[in-house]
Each structure stands twice: as structure tokens, then as C-alpha cells.
Amino acid sequence: MSENAIFPPSPEFVSKAHVQGMEQYRKLYREAAGNPEAFWADIAKREIHWFEPWDHVFEWNPPFVKWFAGAKTNAAYNCIDRHLEARGDKVAILWEGEPGDVREITYKELHRLVCRFANVLKARGLKTGDRAIVYMPMVPELPVALLACARLGVIHSVVFGGFSAEALKARIQDLDACMVITADGGWRRGKEVRLKDAVDEAVQECPGVQNVIVHQRTKSQIPMREGRDHWWHELEEGVSDDCPAVPVDSEHPLYVLYTSGTTGQPKGILHTTGGYLTAILMTMKWVFDLREEDVYWCTADIGWVTGHSYVVYAPLAAGATTVMYEGAPDYPDYGRFWQTVAKHKVSIFYSSPTAIRALIKQGEKWPAMHDLSSLRLLGSVGEPINPAAWEWYYRVIGKNRCPIVDTWWQTETGGILIAPMPGAVPLKPGSGTLPLPGIIAEVVDFSGNPVAANQEGFLIIKRPWPSMIRTIWGDPERFQQQYFSRIPGVYFTGDAARQDEDGYFWILGRVDDVMNVSGHRLSTMEVESALVRHPAVAEAAVVGKPHEITGQAVCCFVTLKAGDYDLPALNKELRQWVAHEIGAFARPEEIRFAEALPKTRSGKIMRRLLREIVTTRTVTGDVTTLEDLTVVTRLAAQNDEE
């Protein structure tokens, strides 16, 4: 499709939308830009329950910000308690397990489950400010655990169930967590993913973990260490259904979510309570045009930020019905997503370009088997969606009538920053379109000066917004250096972008050493660190390689220590090694053995050149700082030998 194609919202959609037409969008945007304090204060008063009011709306001492300072609130109260009178019998979580089991949990039932588990946590000694790690499959007990922590002011950190024991250990240690909440396992493509085994391995070197609570999902045999390990269902016996929510400061930490950085050490992104809830609830309504009767399904795993914000906190804070699915989109066949949409009459479907591209490859017969007429809005998240995938999504899944909200945001932003309001903003396939009200975005050069229309530059956000990262856990200097030092005083996103003549934003990918694999951010340094821990590896350099399904795939250049090696066997072994050290999703697509890696005279590996080799098969960039040009020549020649 041509990127010049424009899809305005239909008159029927506009007539029922929260924000109707471009003039309403522009009015909101002008109000937010002209007086951000009044704008966000009005939203916070209207949308969020506060136990006590704030002293002032925000304090901005770059790079540190506080929103609604002095106010008291609670995330679990906002997600559950305040809905009980009007929506107590409405389904809050509509869950489907991979084997086909279904649970419909109303707001009343969710309240009971969360209060009971919060009392379990209290009985194990957890209190406001303590930290708990949550390492679970996509079962309802996962959001229950999060909300129970939030109810007590316990800071939670969800670790994606695909991460290895090594990755889990690093996160437990960095957070200094005293509890791990897990399960025996979960189901994925018909097989059990054993989680408790990884926990047992991880906590061997985590003496601070005093309790491991285990939800029984698969009922497989697992070892339970007396005194430390406890079955969830046994701890709940005889526990009270009553547990008042603890009022916490607006800036009290809600969760820490670890994401890949440009060093080998994952960084803990800290989000607090009041501002985060305000922004994600408002974006839920703006971007998804949420209505009371909607059945909303975000397919993300709760182990990633999309799952935090748009599976748990925003939909529940908005009083919506949020769908959760445990397993893989291709099990038992490629129609699982569309069967689930038809079965539960899903009206809003929010997924990733990676999932969409994988399903495109299987043809149109799978969605054609199912009634998708309940859908009224489609969404995309995790990376830019290419125009061809956008067109298929629009035509085949949306039947040429469902707007697609292509959303740009990050773990650090907490919520969506650039996306169309579907009843107002005309769509351009491949573009995130326009910033939401309150977001001042620009594309700039190295000096922070705006670039001309259709020129590539760095995407920055010029003003603080309520759901923004507060710091990196335990490392405020790294926080300042990474996000606010390149262009002082503004948030540096790390993404390249351009703005067209209509002001629409086109996101072009990362500018730092972070790959985007299936919408999951993965540090090149993290993979390199894993590789060089292998006894045969001397050096490693990792880059992202374009991949038609996952967006990017992991490509590794490896030099070996002296010795005789069976290279095909070692190649296979190293791919498995990385999967064990980090997680299966980080398994390299390709490993290339090299005599040497391209370095500057100061010894820095020039990953930019390696990126050129795997993307364009040639090297055209500046090589004047290279120590040995023949290294690049030999690596490029490998392309011709393939």
C-alpha cells in the first residue's frame, strides 16, 4: 500500500465516539498544551478515586518529576472497589486457558479473590514498601497477585514466564525481593512450561527470599521446600474476604518492570501510582474509544508493560471486561485467536505486528472460518506495523470497517503517547499518527533542533506526562544519563522517527543497541554477555537482523578461543546456551563465526557496520575509524558465500 493512503473514520463511528472529529482532538490538544496542570488535574479529579487531595499537580526538577504530590490513592481500590456498586456483577476478567477451560470473574468475585490473597500476603509478613517478584503463566491468579500487592502498597515486579532461572535470579537480586509468587507451570502449545523448577534454581542464590507461594495450575509433581514454599490454595483456607485498601502516596512505587538496556544489566523501570493510573485510564478511553458494553482483548503477556497497563490496570480502572488467554496463538491451529474473538464476542482486539505477520503467512482461510462481526476496533502495539500488514489486518480481520489504532509507547512511558483517536484522526497505514493530548513530541537532530518534514531524526518528548518513568530502580544516575543527558531537559526515547507534512509521526526503529524481537526489547549487550560466558567464546557482537515475522531476529558474530571445534554442533549449542541464559525468545536466529570483529582504534566494536552487513549485505558507512578494514571485508564476503 502507498503510505499516501488515508482512511478517515466513518460517520457512523464518529457519531458514537468519545472524541468526534479533528476539531475536538485539536481543542483537547490545545487545552493540554496551554495549561497542562489544569488539564491533568481535571482528568485526575474526574477519573481517579483519591482518599486525600494533592498539594499541587506536579513538580518538575529534570529529570525527576512528581505528579499529584501529597495525594493518597490505591491502585487496587481504583481497579475494583469503586466499581462494586454499579458494576459488581459485570465480568471483569474473562479468561480462557490454552486447553479450553474458561473462567468469568465478576468485579465482586475479583474483589473477594484480591482481598483474600492480600490477607495471605499480610499473614506472611508483607507490608507497604516490601518487594515481591511475580513469575506466573497467564492465569487469573496473576492479576490477582498484582492487585493484592497494590492493595497493600507492596511493590511488585512481574518476570515474564519465558525468562530463564538466570534472568529471574538477576531480577530478584536487583530488587532485593523477599517473596516470589509463582505456579507449578502453565500451558504453551500443548506442553507444560515448568516455572517452579526455574524458581528453585534462581532462589538458591537469593537468601532474601523467605517465602515462595505456588499456584497450582498444571498439577504436575514439583518439589516443595518446607518452611519456604507454600501452596496458594492451602494458605487461603479460612482467610477473611475483608482487606481494606491501604491509602498510599500518589508517588508510592506501584511496580518495577525490568527491561533490556544497552549494558548487560537489565534495568528496573519504576512506575508510581497516581500519575500512572490517571494517564493509562485516560489513554484507554481515548485510544480504544471504550464503551460500557465492550469486550476488550489485549493479547500481550502480563510479563511485559503492555500487559501491565492494557491487560490489567487500565481496563480494570475503566470498569471494562478484559480478556486473558493463556497459550499460543497457533494452538491447536492458526485459528485460535479468531475462534476466541468469535466465542467471546470480542469488540476491541489489540495485538502485535509480529502476531499479525505470523498469521498472515498462514493465509486468510483461518479468520474466514470464524464470525468476526463483533469487532469494532483493532489495535497494534510493540513496534511499527508495516503498511502491507496494516492493510491485511484492516481488510481481512476488520472487514474494511474497523479503525486500526497503531500505538507508540514504551516500558518507560507507562502508557500510550502517540496513537490515533479513532473517531477523530484519519489513519495512514504504517504511521502512529499524532500525539495524544498532553504529549509534546518532536523529531530533532543531535543538537535538539527540529528537523524538516520527512527528515529522519530523534524522537523526543519535551514535557513530563503523568505515567512517565520516575527512575531506574537503585540507579538514578543511569536514569539521568540514559534518558535526559543526550538532549538536556527533554526525554530521549531512543527511537528514530520522521514527521510528514501533515505532522504525522512515522517511527523508524531504535537508535541504540537494543533490538525489538516480537515486540520484546532485548539488549544486544545482554546477549553478548551470555555468549562470552560460554567457555569456547572469546568475543561476541550482536545486532538485530530484519525478519518478516518477528520484526527483528538476533544475529550474533562470534570469535572463538583457540581450539578445534565442530562448528555446526557449536552453533547449535550456542543458540541453546543463550536460550538457557536469557530465555527461549532470545534464542539467536543466526550465529556467524568470525576470525575478528570490526573495531575502532580505541577497541570499540562497531556494531553499526555489522548491522549494515546483515541488513544491506554491504558496508557503505564511514569506516575511517576502523582499526583493520580487512575484518569488514571478510565478514561481508561471508554474505556472498551463503
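Restricting ALA355, ALA424, ALA317 to those that are under 21 Å from the mean Cα position of the chain (by Cα) and closer than 30 Å to LYS27 by Cβ reduces the list to ALA317.
None of GLY414, GLY398, GLY379 is surrounded by fewer than 20 Cβ atoms within 10 Å (Cβ to Cβ) and either more than 22 Å from the chain's Cα centre (by Cα) or modelled with pLDDT of 95 or more (or both) except GLY398. Evaluation of GLU539 against the conditions (1) of a type outside the set (A, V, I, L, M); (2) within 20 Å of PRO266 (Cβ to Cβ); (3) surrounded by 16 or more Cβ atoms within 10 Å (Cβ to Cβ) shows that the sole unmet condition is (2).
Residue count for region 12-34 under the criterion of being in contact (Cβ under 8 Å) with a residue 24 or more places away in the chain and under 18 Å from ARG401 (Cβ atoms): the result is 5.
Give the residue, chosen from ALA165, ALA183, that is more than 21 Å from the chain's Cα centre (by Cα) and closer than 19 Å to ARG225 by Cβ.
Values: ALA165 fails: more than 21 Å from the chain's Cα centre (by Cα).
On inspection, the qualifying residue turns out to be ALA183.
Would you kindly identify the helices (runs of 4 or more DSSP H) lying entirely within region 1-63 that contain at least 1 residues that are among the hydroxyl-bearing types (Ser, Thr, Tyr)? Steps first, please.
Numbers: elements: 11-16, 21-34, 36-47.
Filter on region 1-63 gives 11-16, 21-34.
Can you spot a residue in region 364-373 that is in a loop (DSSP other than H, G, I, E, B), among the polar types (S, T, N, Q) and crowded, with 21+ Cβ neighbours inside 10 Å? No, region 364-373 contains no residue that is in a loop (DSSP other than H, G, I, E, B), among the polar types (S, T, N, Q) and crowded, with 21+ Cβ neighbours inside 10 Å. Among the residues of this structure, GLU539 counts as one that is assigned to a strand (DSSP E or B), at pLDDT below 90 and either over 25 Å from the mean Cα position of the chain (by Cα) or of a type in the set (A, V, I, L, M, F, W, C) (or both). TYR313 satisfies every condition listed in (1) touching a strand residue (DSSP E or B) at 6+ places or on another chain (Cβ under 9 Å); (2) closer than 24 Å to ALA368 by Cβ; (3) not small (Gly, Ala, Ser) except (2).
I'd like the full set of residues that are over 25 Å from ALA71 (Cβ atoms) and surrounded by fewer than 16 Cβ atoms within 10 Å (Cβ to Cβ), limited to region 23-50.
We begin by selecting, within region 23-50, every residue over 25 Å from ALA71 (Cβ atoms); these are 23-27, 29-30.
Once the filter is applied, which keeps residues that are over 25 Å from ALA71 (Cβ atoms) and surrounded by fewer than 16 Cβ atoms within 10 Å (Cβ to Cβ), region 23-50 yields GLU23, ARG26, LYS27, ARG30.
Total residues in region 484-497 satisfying the condition of being modelled with pLDDT under 95 and either under 21 Å from ILE418 (Cα atoms) or of a type in the set (D, E, K, R) (or both): the figure is 7.
Candidates PRO53, PRO63: the one that is in contact with a Ser or Thr (Cβ under 9 Å, 6 or more places away or on another chain), within 18 Å of THR272 (Cα to Cα) and either surrounded by 18 or more Cβ atoms within 10 Å (Cβ to Cβ) or outside the structural domain of LYS462 (by TED's automatic domain parsing) (or both) is PRO63.
The values are calculated or read from the model by the stated rules, or taken from the named source; none is laboratory data. Note that the structure is a prediction, hence the values are computed from the model and not measured. Every residue, glycine as well, gets a Cβ built from its backbone with ideal geometry; the counts of neighbours run over all protein chains shown.
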